[in-house]
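J.: Okay, here's the structure, questions in a sec.
Just so it is clear, none of the values below were taken in a lab; they were calculated from the coordinates. Please read these numbers as outputs of a predicted model, since none were measured by experiment. Positions of Cβ are generated from backbone atoms using ideal geometry, with glycine treated the same way; all protein chains shown enter the neighbour counts.
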Amino acid sequence: MLQKIRHSLAHILAQAVQRSRDANVKLWVWPAIDNGFYYDFLFSNQSPSDTDLKQLQKTMEVILKEKQSFKLFKTNPETAQKINQYLNQPLKNELLQKFQDQGETNITFYANTIPKKLAQNIQSNYPQWFQKYQDITHFVHKLLEAWEVEWQLNQDEFISFFDMCEGPHVSNTQDIPRGAFQLAKVAGAYWLGDEKNPMMTRIYGYAFETPTQLKDYLHMLQEAKKRDHRILGEKLKLFRISPDVGAWLPLLHPAWTTIKNEIINYLRELNKKEGYERIWSPHITKGELYKISGHLDKYGENIFKVSAWENEFYLKPMNCPHHIQLFKDNQFSYRDMPIRYFEPATVYRNEKSWELLGLTRVISLTQDDGHVFARPDQLKQEVGKIVKIIKTFYQTLGLLDQYWVSLSLRGEDKEKYLGEDELWDQAESSLKELAKEFDLNYKEVPGEAAFYGPKLDFMFKDAIGRQWQLATIQVDFNLPQRFEIFYIDQHWEKQTPVMIHRAISWSLERFMGVLIEHFAGVFPLWLSPRQVRILPVGESHISYAQELYKKLFENDVRVDIDTSDTSLNKKIRNAEKLHINYIVVVGDKEVQNQSVAVRSYRTKKITQLTVWQFSQILLDEIQTKSLNALL
């Protein structure tokens, strides 16, 4: 029902635009999306901005009160083309051609209708709209008489909106809950996603089943603004996007480099336990490698080129062909299998500028990449090891609750994918069995597979309920064949291994952006770049502060001292601005008792402890990777 409501609201939005902004606006697509809907428009006059949304919403609310009916109209492709021509909606014929290519013989339109008397009463408010739809109403009456169509229109009905659409919709605007939708923003989108085409105006709206759900969602958005990793990254001096270096090429301050290293070290530890070996591959390569793998044909425009010595090289966009070369350099027997490689490696992708955002979508990204080369009978065992790593990693970070897995399968357009049907069927059936075997909360999503094989994409919810696609496991029978790699079986015959691609955090930049927002910049102690700050009350307490610093530093605690000539209150405020986990104040009492007064940033508690007690609590919180402050 919610999808029907959202899709119907998109039509109400388009009608509101035609009534109050531009009766001759060109219409494009109007999908329901996860949080609401949007509609793409090509205006014949000035496009609206965010400041116009309030008035558009009022017009939509007026339309909802008119108790408009949604009526389905079916016809053949030839008649549909004539209708679009009459409506002066040429963009719709692009969709019509797509439907025809898919073999559709019934093309559907939806009309909103109101009583003629009501239309006449409101015509002075929307004269251009009224004249347009009075003509359309007459046109449709003649259409019903002249052509074979499936619909009925009474003489006392007035068409208030008419559009080629697959549906489905609610039956009447009364079915749309009041107070449960809100127009969100105006954005730009190239027609058909091609920057050579006209820029269309996209208007987004939020829509839910109840006003309470909308209120909760808007509250979540406010929380998201507070947690924006771009704002917190600057405030906490974590990373910088420098115009002199280049947009979406992030520079990491020491604080963020510390966090990144902690994540990599933890991943290295988890991988090592499961038998992965650390490797390294260069940042550039000859193009032949990507011709064999198929990446050049598939993603050529997204790969950076580098010229040297009259040769053409490519900046590495992925690691899998390189790891295959390392496997190929050995002659492995069936007893050696599986071979597991792990490489935290920086790769480069020439993304479109409008697709890039902060740390979550960048040109330069570091993948905690891994590949397994296994015998087919080892596939279940190896996927199980990867699932174990994923669950352990995300449980540690408090992100495992409410996760689900997208079983991403091949779509209908098989030309987009490498390999034979038999290999795809084998890979997809294997992953389905494994998803059931490991009791993963999964659902099948056709069309989302990698071009060389199906995959398990792990979706996680952060602290405020937003969903992120992070870890992935991909089963590949194609690249091993294309590169002709093999192992020797027990009969001394060559056999092709199955290749498993996997990334636990996907890209460290994106994952770190998620972490900032998930923790709101207040990291658990083991990850925190600034764990302890010591604040001597006066100059006479600096010597004791330095002794304390030395003891903590020797235990690998990240600690510093504020010896600035400012008040204690200002020192505390400065420490809290940086979200330092524990602020340690030392004055006369602490020097005399060889103790510390510890203020916890997260709990706001102040605790008096001996130095030994404080050290042990810190080490315990760090070593257990606790999500909660122990003080």
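J.: Based on the Cβ-Cβ distance from residue 439 to residue 336, what FRET efficiency comes out when R0 is 30 Å, to the nearest 0.05?
T.: Approximately 0.45, to the nearest 0.05.
J.: Just flag the chymotrypsin sites (Phe, Trp or Tyr not before Pro) in region 298-384 sitting in loop per DSSP whose Cβ has no more than 11 other Cβ atoms within 10 Å.
T.: Those that pass, being in a loop and sparsely packed, are 309.
J.: Rank these for me by crowding, 218, 183, going from fewest to most other beta carbons within 10 Å.
T.: Placing the least packed residue first, the sequence is 218, 183.
J.: Sequence gap at least 6, Cα distance under 8 Å: using those rules, report the relative contact order of the chain to the nearest whole percent.
T.: Over the chain, the number comes to 10 percent.
J.: Give me the compactness ratio for region 532-623, meaning the Cα radius of gyration over 2.2 N^0.38 Å.
T.: For region 532-623, the normalised Cα radius of gyration is 0.98.
J.: Using Cα pairs under 8 angstrom and six or more residues apart, how large is the relative contact order of region 416-487, in percent?
T.: Dividing the mean separation by the residue count of region 416-487 yields 32 percent.
J.: Starting with the fewest neighbours, write out 162, 43 ranked by other beta-carbon atoms found within 10 Å of each beta-carbon.
T.: With the fewest neighbours first, 162, 43 line up as 43, 162.
J.: Quote to one decimal, in nm, the extra length available between residue 464 and residue 404 on full extension: 0.36 nm per residue of separation minus the C-alpha distance between them.
T.: That works out to 20.0 nm of additional length.
J.: Roughly how compact is region 410-462, stated as its Cα Rg over 2.2 N^0.38 Å to two decimals?
T.: 1.20
J.: I need the P(r) histogram for region 1-113: all alpha carbon pairs, bin width 5 Å from 0 out to the longest distance, whole percents.
T.: Per 5 Å bin, starting at zero, the Cα-Cα P(r) for region 1-113 comes out as 2, 11, 18, 23, 22, 15, 7, 3, 0 percent.
J.: Continuing with the same structure: Could you compute how fast region 373-424 diffuses translationally, taking Rh as the Kirkwood radius over C-alpha pairs and applying Stokes-Einstein at 20 °C with viscosity 1.002 mPa s? Give it in µm² per second.
T.: 153 µm²/s
J.: Further question on the same structure: Projected area of region 234-365, taken from the Cα convex hull and averaged over every viewing direction, in nm²?
T.: 10.9 nm²
J.: With a ≥ b ≥ c taken as the square roots of the eigenvalues of the C-alpha gyration tensor of region 2-213, please select rounded if a/c is under 1.5 and otherwise prolate if a/b is larger than b/c or oblate if it is not?
T.: rounded
J.: Cut-off is 10 Å between beta-carbons; in what order do 479, 630 appear when sorted fewest neighbours first?
T.: Placing the least packed residue first, the sequence is 630, 479.
J.: While we're looking at this one, here's another question. Report, to one decimal in Å, the Kirkwood hydrodynamic radius for the chain based on all distinct Cα pairs.
T.: 28.9 Å
J.: In region 571-606, which trypsin sites (Lys or Arg not before Pro) are in a loop and have at most 12 other Cβ atoms within 10 Å, using DSSP for the loop call?
T.: Filter output for region 571-606: 604, 605.
J.: How big is region 343-471 on each of its three principal axes, counting only the C-alpha atoms and giving the largest first in Å?
T.: 41, 34, 28
J.: Sticking with this structure for a sec: Fully extended, how many nm does the chain gain between residue 195 and residue 142 (0.36 nm per residue separation, minus their Cα-Cα distance)?
T.: 15.1 nm
J.: Continuing with the same structure: Within region 585-603, which residues have the backbone N less than 15 Å from the label spot 7 Å out from residue 539 along Cα→beta-carbon, could you tell me?
T.: It comes to no residues whatsoever.
J.: Go ahead and run the numbers for FRET between residue 264 and residue 155, Cβ-Cβ distance against an R0 of 51 Å, rounding to 0.05.
T.: Computed FRET efficiency for residue 264 and residue 155 comes out at 0.10.
J.: Would you work out the charge dipole size for the chain about its Cα centre, treating the Cβ of every Lys and Arg as +1 and the Cβ of every Asp and Glu as -1, and quote it to the nearest 20 debye?
T.: Dipole magnitude for the chain comes out near 2100 debye.
J.: Going Cα to Cα from residue 226, which lysines come in below 19 Å? Please leave out same-chain ones fewer than 8 positions away.
T.: Candidates past the 8-residue exclusion: 185, 215, 235, 237, 461, 577.
J.: How much length is gained on full extension from residue 230 to residue 277, taking 0.36 nm per residue of separation minus their Cα-Cα distance?
T.: This chain segment gains 13.5 nm when fully extended.
J.: Set the Förster distance to 41 Å, then compute FRET efficiency between residue 185 and residue 299 from the Cβ-Cβ distance, nearest 0.05.
T.: 0.85
J.: Hey, which lysines would be in cross-link range of residue 273, C-alpha to C-alpha under 22 Å, not counting anything within fewer than 8 residues on its own chain?
T.: Those lysines meeting the cut-off are 260, 380, 385, 388, 391, 625.
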